[in-house]
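The values are calculated or read from the model by the stated rules, or taken from the named source; none is laboratory data. In this text the structure is predicted, and so the values were computed from the model without any measurement. Every residue, glycine among them, receives a Cβ derived from its backbone with ideal geometry; neighbour counts consider all protein chains shown. We work out accessible area using only protein heavy atoms, side chains counted, and drop any ligands, DNA or RNA first. Shrake-Rupley method; radii C 1.70, N 1.55, O 1.52, S 1.80 Å.
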Amino acid sequence: MAKFTFNMPDVGEGVAEAEIVEWQVKVGDTVEEDQHLVDVMTDKATIDIESPVSGTVTAVAGEVGDVIAVGAMLLVVEVEGDVEGGGAGDEPQEAPMETPQEEEAPQPVAAPEPAPEPVSAPVQAINPEPATGGSEPEPAASAKVLASPAVRQRARDLGVDLAQVKSADGGRVRHGDLDQFLAYNSGGGFSPAGKARDDQPIKVIGLRKRIAQNMSAAKSNIPHFTYVEECDVTELERMRTQLNSARGQKPKLTMLPLLITAFCKLIPDYPMINARYDDEANIVTRHGSVHLGMATQTDGGLMVPVIRDAQSRNLWQLAAEIGRLAQAARDGSAKSDELSGSTLTVTSLGPLGGVATTPVINRPEVAIIGPNRIIERPMFVTGPDGQERVEKRKLMNISISCDHRVVDGFDAASFIQAVKRLIETPVLLLSE
């Protein structure tokens with residue numbers, strides 16, 4: 001028998017460490033070659049690590065949430081005969097690990113002597129009626145009120161003190177008296193809103209840990225400012241409906257491909273929006289291509305798949321790529337290079353978008369754009385005859401958060417005003 005030390009493999013170019021997301025084996029398990037051992041995460045992508053040998057697991061390094069450096073011991077497997085490579089035959093390095101330990105036999109503990117019961121004077125029962133099993137004790141004031149056990153139980157369930165309820169005949173409180181009290185005090189909140197639940201400590205690991213680290217770094221290092229503008233998207237929505245009605249086998253257009261097209265048309269005039277800031281080297285890179293990050297909600301948390309060269313795609317190609325990347329992010333099939341390298345990010349909650357948002361910049365980018373919910377409101381519009389009239393229009397606010405070290409407020413406002421002019425005259429989106 002020999003011990004094979006399996007070290008953390010190199011899981012990607014430039015990756016120095018990986019976080020343990022979930023162990024698939026434990027000490028004492030028998031594993032086969034190529035068997036799934038552990039899930040690790042790096043660069044927001046989860047990677048399966050498989051066993052290079054068959055044998056019995058004798059030690060594992062770290063727990064869920066721990067970070068293991070590339071080349072450090074990951075686990076030790078006891079194998080038949082001699083093995084080569086991977087630290088075979090070596091004793092496992094000192095590292096936090098789980099090893100089987102013999103349980104210590106419990107030591108007998110002498111039972112404490114029973115304390116003498118306190119002596120108290122006999123107390124006369126306030127309520128002569130028999131108590132219902134399992135019910136909570138009533139306040140003294142409520143217990144003095146004459147009422148049947150059913151009325152008392154109902155009052156307890158509703159959180160009502162019977163001392164506050166007046167009897168119609170000045171004697172015993174009945175269900176009708178309780179009904180009148182509840183009707184008169186309907187806004188008093190006497191029906192409990194819910195039941196208390198146990199606290200749930202949840203360890204922050206995996207994608208949620210990466211999100212927390214990235215958001216903290218962005219808010220700590222970037223001086224954010226947000227600008228919001230209201231846009232009339234009535235004509236844009238009308239054009240979208242017309243395009244969808246004749247789309248054939250093409251993917252259905254949402255609002256997002258239209259907005260991305262508008263952003264890409266304007267980026268050459270506002271290059272500071274499509275940039276990344278290396279604050280350690282003090283260099284701002286204005287990118288010629290728009291690699292658009294698309295914030296996507298998944299079961300594990302927020303991920304940002306990237307539409308490469310968005311400026312080179314038409315509306316239908318954008319719609320197809322948006323659908324493909326969103327699905328890949330949600331089912332975990334997105335590749336590492338599809339989750340990195342964005343130069344500008346768009347984040348939208350669709351119908352849940354709210355009136356306005358203040359999105360957090362996806363560092364090291366310098367801007368993030370947030371389209372908000374579309375709502376219908378009456379607006380004054382000028383008719384063909386030059387007269388003003390009131391019409392129902394579709395309105396949407398567009399938010400942009402920028403890094404004030406790189407983008408001035410005037411530049412951000414000018415960019416969004418240009419977007420507003422473009423989407424309010426949507427025929428310009430399809431022109432060269």
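Number of residues in region 172-204 that are within 30 Å of L302 (Cα to Cα) and modelled with pLDDT of 85 or more equals 8. Looking only at region 36-62, count every residue that is outside any strand (DSSP E or B) and of a type in the set (A, V, I, L, M) and tell me the total. Result for region 36-62: 1.
Kindly indicate whether A262 is surrounded by 15 or more Cβ atoms within 10 Å (Cβ to Cβ) and over 28 Å from L395 (Cβ atoms). Answer is no for this residue.
Taken over region 193-222, residues that are surrounded by 11 or more Cβ atoms within 10 Å (Cβ to Cβ) and in contact (Cβ under 8 Å) with a residue 24 or more places away in the chain amount to 15. The residue list G65, G14 contains one member that is open to solvent by less than 40 Å² (accessible area, probe 1.4 Å) and either at pLDDT 85 or above or not in a strand (DSSP E or B) (or both), which is G65. Against the condition modelled with pLDDT under 95, out of contact with any strand residue (DSSP E or B) (no Cβ under 7 Å at 6 or more places or on another chain) and not in a strand (DSSP E or B), how does A328 come out, does it pass? So A328 fits the description; yes.
Condition check for E22 on (1) at pLDDT below 85; (2) loosely packed, with under 15 Cβ neighbours inside 10 Å: one failure, at (1). Pairing each residue of region 269-296 that is open to solvent by less than 50 Å² (accessible area, probe 1.4 Å) with any residue that is of a type in the set (A, V, I, L, M, F, W, C) and in a loop (DSSP other than H, G, I, E, B), provided the two are 6+ apart or on different chains, yields C-beta distances under 6 Å for M272/V407; N274/V290; A275/V366; Y277/V366; Y277/V406; G293/V304; A295/V304. Only one entry of R389, R405, R377, R421 meets the criterion of being among the charged types (D, E, K, R) and either assigned to a loop (DSSP other than H, G, I, E, B) or in contact with a helix residue (DSSP H, G or I) (Cβ under 7 Å, 6 or more places away or on another chain) (or both), and that entry is R405. Kindly establish whether I283 is modelled with pLDDT of 95 or more, of a type in the set (V, I, T) and under 30 Å from T42 (Cβ atoms). For I283, the condition - modelled with pLDDT of 95 or more, of a type in the set (V, I, T) and under 30 Å from T42 (Cβ atoms) - is met. Beta carbons closer than 6 Å, at least 6 apart along the sequence or on distinct chains, pair a first residue in region 314-335 that is touching a residue at least 24 places away in the same chain (Cβ under 8 Å) with a second that is part of a helix (DSSP H, G or I) and surrounded by 21 or more Cβ atoms within 10 Å (Cβ to Cβ) for L315/P257; L318/P257; L318/I260; A319/P257.
Considering only residues in region 286-300 that are at pLDDT below 95 and among the hydroxyl-bearing types (S, T, Y), the one that is farthest from D411 (Cα to Cα) turns out to be T298.
Within region 395-418, take every residue that is of a type outside the set (G, A, S) and more than 29 Å from the chain's Cα centre (by Cα) and give me the one that is surrounded by the most Cβ atoms within 10 Å (Cβ to Cβ). Going through the qualifying residues, I end up with F415.
Scanning region 326-339 for residues that are more than 18 Å from the chain's Cα centre (by Cα) and open to solvent by 50 Å² or more (accessible area, probe 1.4 Å) returns S333, K335, S336, D337. Per the conditions (1) of a type outside the set (A, V, I, L, M, F, W, C); (2) out of contact with any Lys or Arg (no Cβ under 8 Å at 6 or more places or on another chain); (3) modelled with pLDDT under 95, the sole criterion not satisfied by D403 is (3). For region 337-354, check the following and say yes or no: at least one residue is in contact with a helix residue (DSSP H, G or I) (Cβ under 7 Å, 6 or more places away or on another chain), of a type in the set (S, T, Y), in contact (Cβ under 8 Å) with a residue 24 or more places away in the chain and not in a helix (DSSP H, G or I). Yes: region 337-354 contains one or more residues that are in contact with a helix residue (DSSP H, G or I) (Cβ under 7 Å, 6 or more places away or on another chain), of a type in the set (S, T, Y), in contact (Cβ under 8 Å) with a residue 24 or more places away in the chain and not in a helix (DSSP H, G or I).
Going through (1) modelled with pLDDT under 90; (2) outside any loop (DSSP other than H, G, I, E, B) one by one, E33 falls short only on (2). Residues in region 205-234 that are part of a loop (DSSP other than H, G, I, E, B), under 30 Å from T42 (Cα atoms) and at pLDDT 90 or above: I222, P223.
Yes or no, residue by residue, for (1) in a loop (DSSP other than H, G, I, E, B); (2) over 30 Å from L430 (Cβ atoms):
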position: L302; (1), (2): no, yes
position: Q311; (1), (2): no, no
position: A320; (1), (2): no, no
position: G323; (1), (2): no, no
position: A356; (1), (2): yes, no
position: V360; (1), (2): yes, yes
position: I369; (1), (2): no, no
position: N372; (1), (2): no, no
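Which of the residues belonging to region 340-373 are under 17 Å from I260 (Cα atoms), open to solvent by 60 Å² or more (accessible area, probe 1.4 Å) and at pLDDT 90 or above? Answer for region 340-373, where residues must be under 17 Å from I260 (Cα atoms), open to solvent by 60 Å² or more (accessible area, probe 1.4 Å) and at pLDDT 90 or above: just R373.
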